[in-house]
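Enquirer: First, the structure itself, so that you have it in front of you.
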Amino acid sequence: MFIIGELINGMYKNVQEAIKNKDKKAIQEIAIAQTKAGSSALDVNCGPASANPKDTMKWLVEAIQEVVDTPLCLDSTRPDVIEAGLSIAKNKTVINSAYADQEKLDTLVPMALKYNSALIGLAMSKKGVPQDKLQRLELAVQIITYCQDNGFPVNNLYLDPIVLPVNVAQSQGQEVLETIREFKILSDPAPKTVVGLSNVSQGTNQRSLINRTFLVMAQGCGLDSAILDPLDNDLMDALIAAELILNKQIYCDSFLNAYRK
Amino acid sequence: MPLEALKEKWSNTVDIISIGATKAEGGSRDRAVKVGGQTGLPYLFEESDIPNKPVVAFEISDIEPLDWPNTLKEPYGKTLKDPVEWAVKCEKEFKAELIAIRLAGTHPDNGNKSDTDAVKLIKDILSAVKIPLIILGSNDETKDNLILPQCAEAAKGERCLIGDAVQKNYKTLAAACLAYGHNIIAESPIDINIAKQLNILISEMGMPSNRTVINPTVGALGYGLEYAYSIMERARIAALGGDKMLSQPFICFVGQEAWRTKEAKASITEFPDWGKELERGILWEALTANAFLQAGADIILMRHPKAIEIVKKNIDELMQPITSNQ
């Protein structure tokens, strides 16, 4: 499982404070903790409050790179902010993310090619969030076709079916799970799949339980990657156990430790 | 339209283990033997690098082996009674690259040689030959825990490969190998889960993963070869896919398994239809070894010089990358 640690996000108070005070050490501690917990990549998002997001993105990337070699997932709605991060990133990168709209793809696919970056494609458009599996698949096909026509390798594309909070869109859970399975048969080589996990439990009072239950179900549907909180131990344990059941890891008595090594 | 070959690209590589330290590295060996480093499945040169070829180690013993058939004793003659001369013969006459001394005579039921005897022998062999050394205990837990740390100390700086550590008894040996700069053999009973677990336990003692070799335990042709083969294959695929706790090179104890079989040992008078026992025994050992090369073996312990010759020739042929037709 390609685990993208979600904790470096200006949406969180501690990160927002660190950005405001230029407290590099605070950011670096979060980067190290997430990497140690088993993250394959770290999401980097300046948050909505940043006055100068391009500079903030660069500052964050530089701070993180000083202490870990973990790939970075550069997260912004603004392509120029993403590019600010890409231009100085030393390790592998993931662009987070492109909608299935022509103008977004026109900017971000060439950018991913230029910087040899992976790309997250969202199964949504400016018209809004899809309501069922078929709408999601239609948007995914648009992204895949665009990538194929423009020489972007589809196995470097992560399709996100858009996970919605279970307390407001309960009927969407099943749709998303089925979508994950069907994304994988849209092309050969198959695209990868990713979810922004924490969204499923937004506003509920049992966040960790709902997160890990949904994650395991999505893993059963063939999920390749998730943006999640790697410091949630119960969540990580469930993820690792699911990998065992799916025969993706070889069992040994210390399998939880082995996975985190 | 030409058909494009599908090539597998893996995310992890096999660890590189270095056995033997030269003068420059603080030892006294002529050269070090390196194994491992593959970036793909065995001998698929089209899609992977194989920086180091597999090596054969000559297996010798501190006492004259009682269970060896005459066909196996014959090439070594009277040196069987003197392990130092035996080692020299392997190096000089048979051009051995690596030698494995089994301290069988230290076993309480097999002569019960003392720790002083064992330490002296290791020192004598190290000064008589210049090739790297593998040191093996007698498989008596208590005796091995007494003797192997002292041998490790006596061979300090020579970067030997010492074994075997098992899940129930690994701490003493791992500590000694760590303290005196040696590599360690981690043995599991044809069980991939235990192989992985033991590697974790050893690594948790501070042993770097590039100083451990996996002994997956093998069976000879006709005696479980396929089962061992499939375990090695599965472990190697997991290693290349990213499992760092299975990404160490393999050592296969082929000689002891092959020469234990009736097919290798029985005389022609007993089974006239089976042909001459000499050829039969050599082929049994060579075929078993060749099969494990295909499963990914990096170090093979063998006994008969002729069988070793056949296997070395096979290794040389396997290591010639096939040039593509295109």
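The values are calculated or read from the model by the stated rules, or taken from the named source; none is laboratory data. Since this is a predicted model, take the numbers as computed values, not measurements. FYI the Cβ positions are ideal-geometry reconstructions off the backbone, even for glycines, and counts take in every protein chain you see. For accessibility, only protein heavy atoms count, side chains too; no ligands or nucleic acids. Shrake-Rupley method; radii C 1.70, N 1.55, O 1.52, S 1.80 Å.
Enquirer: Given the C-alpha centroids of the stretch B:166-182 and the stretch A:5-29, what is the distance between them in whole angstrom?
Expert: Using only Cα atoms, the two centres lie 43 Å from each other.
Enquirer: Assuming R0 = 51 Å, can you tell me the calculated FRET efficiency for the pair B:T142 and A:R260, based on Cβ-Cβ distance, to the nearest 0.05?
Expert: Efficiency computed from Cβ-Cβ geometry: 0.90.
Enquirer: Would you work out which of B:I190, B:G242, B:G281 lies farthest towards the positive end of the dipole of chain B? Charges go on Cβ: Lys and Arg +1, Asp and Glu -1.
Expert: B:G242
Enquirer: Which of rounded, prolate, oblate describes the stretch A:119-261, given a ≥ b ≥ c as roots of the alpha-carbon gyration tensor eigenvalues and a/c under 1.5 marking rounded, otherwise prolate only if a/b is larger than b/c?
Expert: It comes out oblate by the Cα gyration axes.
Enquirer: Across chain B, how large is the tail of the calculated P(r) beyond 25 Å, expressed as a percent of all Cα pairs?
Expert: 50 percent
Enquirer: Let me ask you something else. In percent, what relative contact order does the stretch A:2-260 have, based on Cα pairs under 8 Å that are 6 or more apart in sequence?
Expert: Relative contact order for the stretch A:2-260 comes out at 16 percent.
Enquirer: Using the Kirkwood radius over C-alpha pairs as Rh, can you work out the diffusion coefficient of the stretch A:10-49 via Stokes-Einstein at 37 °C, viscosity 0.692 mPa s, in µm² per second?
Expert: D, rounded to a whole number, is 311 µm²/s.
Enquirer: So what is the 222 nm mean residue ellipticity for chain A from helices alone, if each DSSP H run of at least 4 adds -39500 (n - 2.57) and you divide by all residues, rounding to the nearest 500 deg cm²/dmol?
Expert: Helices in chain A give a 222 nm mean residue ellipticity of -14000 deg cm²/dmol.
Enquirer: What is the Cα radius of gyration of the stretch A:21-83 over 2.2 N^0.38 Å, N being its residue count?
Expert: Cα Rg divided by the expected 2.2 N^0.38 Å: 1.07.
Enquirer: For the pair B and A, how large is the buried accessible area, both sides, in square angstrom to the nearest 100, if the probe is 1.4 Å?
Expert: 900 Å²
Enquirer: With runs of 4+ DSSP H residues as the only contributors, calculate the mean residue ellipticity of chain B at 222 nm using -39,500 (n - 2.57) per run, divided by the residue total and rounded to the nearest 500.
Expert: Calculated from helices alone, the mean residue ellipticity at 222 nm is -11500 deg cm²/dmol.
Enquirer: Over all residues in A:246-253, what is the mean tally of Cβ atoms on other chains that come within 10 Å of each residue's Cβ?
Expert: Mean partner shielding for this stretch: 6.
Enquirer: Right, something else. Using only C-alpha atoms and all pairs of different ones, pull out the Kirkwood radius for the stretch B:10-81 in Å with one decimal.
Expert: Mean inverse Cα-Cα distance, inverted, gives 15.6 Å.
Enquirer: Can you pull the mean other chain C-beta count within 10 Å for peptide B:233-245?
Expert: Going residue by residue through B:233-245 and averaging, the value is 2.
Enquirer: Compare the Cα positions of B:I99, B:G26, B:L80 along the charge dipole of the stretch B:1-141 (+1 at Cβ of Lys, Arg; -1 at Cβ of Asp, Glu; about the Cα centre) and return the one farthest towards the positive end.
Expert: Most positive-ward Cα: B:G26.
Enquirer: So what is the accessible area of the stretch B:51-318 per residue, in Å², with the probe set to 1.4 Å?
Expert: Ligands and nucleic acids excluded, the figure is 39 Å² per residue.
Enquirer: Continuing with the same structure: In debye to the nearest 20, how big a dipole does the protein assembly as shown give about its Cα centre with +1 on each Lys and Arg Cβ and -1 on each Asp and Glu Cβ?
Expert: 960 debye
Enquirer: Quick one: work out Rg over Rh on the C-alpha atoms of the stretch A:2-260, Rh as Kirkwood radius.
Expert: Rg/Rh: 0.95.
Enquirer: Putting +1 on Lys and Arg Cβ atoms and -1 on Asp and Glu Cβ atoms, find which of B:T261, B:A128, B:L225 reaches farthest to the positive end of the dipole of chain B.
Expert: The residue sitting farthest along the positive end of the dipole is B:A128.
Enquirer: For chain B, what relative contact order do you get, as a whole percent, if you take Cα pairs closer than 8 Å and at least 6 residues apart?
Expert: Value for chain B: 19 percent.
Enquirer: For a quick check, take a GNM of chain B with Cα springs below 10 Å and name the residue from B:F271, B:F250, B:F292 with the largest mean-square fluctuation.
Expert: Highest fluctuation among the options: B:F271.
Enquirer: Now for a different question. Can you put B:I192, B:I63 in order of accessible area, largest first, using a 1.4 Å probe?
Expert: B:I63, B:I192
Enquirer: Let me have the relative contact order for the stretch A:64-142, percent, based on Cα pairs under 8 Å that are six or more residues apart.
Expert: It comes to 25 percent, rounded to a whole number.
Enquirer: While we're looking at this one, here's another question. Pop out the ³J(HN,Hα) list for the stretch A:209-217 in order, Karplus 6.51 cos²θ - 1.76 cosθ + 1.60 with θ = phi - 60°, rounded to Hz; leave Gly and Pro as x.
Expert: For the stretch A:209-217, the Karplus curve yields 4, 5, 4, 6, 5, 5, 4, 5, 5 Hz.
Enquirer: From the phi angles alone, apply the Karplus equation (6.51, -1.76, 1.60; θ = phi - 60°) to the stretch B:9-15 and give each ³J(HN,Hα) in whole Hz, x where the residue is Gly or Pro.
Expert: My calculation for the stretch B:9-15 gives 10, 9, 8, 10, 10, 6, 5 Hz in order.
Enquirer: When the C-alpha atoms of the stretch B:237-308 are aligned to their principal axes, what extent does each axis show, in angstrom, from largest down?
Expert: Largest to smallest, the principal-axis extents are 52, 20, 16 Å.
Enquirer: Now a separate question. Given the pairs B:K95/B:K123; B:K81/B:K130; B:K120/B:K196; B:K78/B:K156, which span a C-alpha to C-alpha distance of over 26 angstrom in this model?
Expert: From the list (B:K95/B:K123; B:K81/B:K130; B:K120/B:K196; B:K78/B:K156), the Cα-Cα distance tops 26 Å for B:K120/B:K196; B:K78/B:K156.
Enquirer: Given the C-alpha centroids of the stretch B:214-255 and the stretch A:115-133, what is the distance between them in whole angstrom?
Expert: About 43 Å separates the Cα centre of the stretch B:214-255 from the one of the stretch A:115-133.
Enquirer: Take the eigenvalues of the Cα gyration tensor for the protein assembly as shown, scale each by 5, and report the square roots as semi-axes in whole Å, largest first.
Expert: 55, 26, 21
Enquirer: Sticking with this structure for a sec: Can you give me the % of accessible surface on the protein assembly as shown that is carbon or sulfur? Probe 1.4 Å, all protein chains present, nothing else counted.
Expert: About 52 percent, which is the carbon plus sulfur part of the accessible surface.
Enquirer: Note down the magnitude of the dipole of the stretch B:253-300 about its Cα centre, charges +1 on Lys and Arg C-beta and -1 on Asp and Glu C-beta and zero elsewhere, to the nearest 20 debye.
Expert: About 60 debye.
Enquirer: Another one. Which of the residue pairs A:K92/A:K261; A:K92/B:K53; A:K192/B:K7; A:K22/A:K192 have a Cα-Cα distance greater than 25 Å in the structure shown?
Expert: Distance filter (> 25 Å) returns A:K92/B:K53; A:K22/A:K192.
Enquirer: Could you work out which residue, out of A:K20, A:K54, A:K133, moves most in a Gaussian network model of chain A, that is, has the largest mean-square fluctuation with Cα springs under 10 Å?
Expert: With Cα springs under 10 Å in chain A, the top fluctuation among A:K20, A:K54, A:K133 is at A:K20.
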